[in-house]
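Here is the structure we will look at.
Here, each number is a calculation from the coordinates, and none is a lab measurement. Quantities reported herein were computed from a predicted structural model and do not represent experimental measurements. Cβ: placed from backbone, ideal geometry, glycine included. Neighbour counts: every protein chain shown.
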Amino acid sequence: MKKIALITGSNKGIGLETARQLATAGMTVLLGSRDPGRGEAAAAALRAEGLDATAIALDVADDASITAAAATVGEKFDHLDVLVNNAGIYAAGPASGTTRETLRVLFETNVFGVVSVTNAFLPLLRKAEAGRIVNVSSEVASLGVVTDPTTYMSGMQDLAYQASKGAVNWVTIMFAKELTDTPIKVNAAIPGYVSTDLNGNAGYITAAHGAEASVALATLPADGPTGTFWGTLTSTDTPEKAVAPW
Ligand SMILES: NC(=O)c1ccc[n+]([C@@H]2O[C@H](COP(=O)([O-])OP(=O)(O)OC[C@H]3O[C@@H](n4cnc5c(N)ncnc54)[C@H](OP(=O)(O)O)[C@@H]3O)[C@@H](O)[C@H]2O)c1
């Protein structure tokens, strides 16, 4: 039977590429998008490639939208195999320039959204044979990476974004612990520094390469890890992937 995957924020960027790769691997993909028009355009583009893709209206910063999306998916399918919490926003700014409002906005989408979406879809994930949850994090959330001056990302100083992704790591660990006696695996993905709208297309690697970590964690075998932080830690275009320090 075809597996069913929901990818949040997948109307463009790494999320769209994640959807494309999971669909190419044979899954039915549900493209979460806060703008139904953008979501439908992305799903239509994947369908034109012969892939099984459907757009789902899903604003991860809005609980009513999350509840409605979970109900829509639950009416159509009796389970969900894969949830990729990919939707995310960025704000530049060092510690001294960071306001309460910036923190609030970033955490609403990047952190509270991940917890709310995961909890809304957990009943369907529990009904899957081997549910997989992937939370898209970043190497700039790693205390080990950022405090090591030899890493290519150690100079980054964007407090709200980095702290929000650090919190995503906490969310990952806590869900992995709670679900440890279930078949569900929960891991944090590191796409690498990817050229997308999020960074004004300044990244070094393509969205297709950036999606690889999410796809690998979404398709882990039964003996794969849970509660890990894994992906691209180098700036090269053919990235080797590795476990990152928290
Ligand atoms: N690019 C990188 O170098 C990099 C590195 C590490 C981690 N990441 C992470 O990778 C993920 C994808 O980012 P990207 O680089 O592909 O950026 P992107 O091209 O800007 O895509 C972000 C996606 O998230 C969606 N989104 C934002 N807020 C949302 C909300 N409230 N509800 C639903 N969807 C929402 C956007 O929708 P709209 O089109 O409606 O805005 C878009 O589809 C993010 O979590 C990001 O933090 C990126």
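Compute the length gained on full extension between F77 and D35: take 0.36 nm times their separation in residues and subtract their Cα-Cα distance, giving the result in nm to one decimal.
So the chain would gain 12.9 nm between F77 and D35.
Show me 132-141, 97-106, 31-40 ranked by packing, highest mean number of other Cβ atoms within 10 Å first.
Output ranking for 132-141, 97-106, 31-40: 132-141, 31-40, 97-106.
List the GluC sites (Glu not before Pro) within the stretch 164-246 that fall in a DSSP loop (any state other than H, G, I, E or B) and whose Cβ has at most 15 other Cβ atoms within 10 Å.
E240
Could you work out the Kirkwood radius for the chain, taking every pair of different alpha carbons, averaging 1/r and inverting it, reported in Å?
After inverting the mean inverse Cα-Cα distance, the result is 17.7 Å.
How much length is gained if the chain between T24 and V105 is pulled fully straight, taking 0.36 nm per residue apart and subtracting their Cα-Cα distance, in nm to one decimal?
Result for the pair: 25.8 nm of gain on full extension.
Quick check: residue separation of Q157 and A222 times 0.36 nm, minus the Cα distance between them. What number comes out in nm?
Length gained, Q157 through A222: 19.6 nm.
Per DSSP H run of n ≥ 4, the term is -39500 (n - 2.57); total these for the chain, divide by its residue number, and report the mean residue ellipticity at 222 nm rounded to 500 deg cm²/dmol.
One gets -12500 deg cm²/dmol as the mean residue ellipticity at 222 nm.
Please compute the modelled spin-label separation between T206 and T180, points set 7 Å along Cα→Cβ, answer in nm with one decimal.
Computed distance between label sites T180 and T206 equals 4.0 nm.
Starting from the 7 Å offset along Cα-to-Cβ, what nm value, one decimal, do you get for the label separation of W170 and T147?
1.6 nm
Quick one: which of 76-88, 214-226 comes out on top by average Cβ neighbours within 10 Å, and what's the full order, highest first?
76-88, 214-226
Express the C-alpha Rg of the stretch 1-101 as a ratio against the empirical globular expectation 2.2 N^0.38 Å, rounded to two decimals.
Relative to the 2.2 N^0.38 Å estimate, the stretch 1-101 comes out at 1.17.
Please work out the Cα center distance from the stretch 13-31 to the stretch 175-246, rounded to the nearest Å.
Rounded to whole Å, the Cα centres lie 15 Å apart.
For K3, list long-range residues whose amide hydrogen, built 1.01 Å from N in the peptide plane, is under 5 Å from its own amide hydrogen.
Amide H neighbours of K3, under 5 Å, 5+ apart: T28.
Find the all-direction average of the projected area of the Cα convex hull for the stretch 73-125, expressing the result in square nanometres with one decimal place.
4.3 nm²
Where in the stretch 77-94 does the label zone of A45 land, with the point 7 angstrom along Cα→C-beta and an amide N cut-off under 18 Å?
Residues passing the 18 Å test: 86-88.
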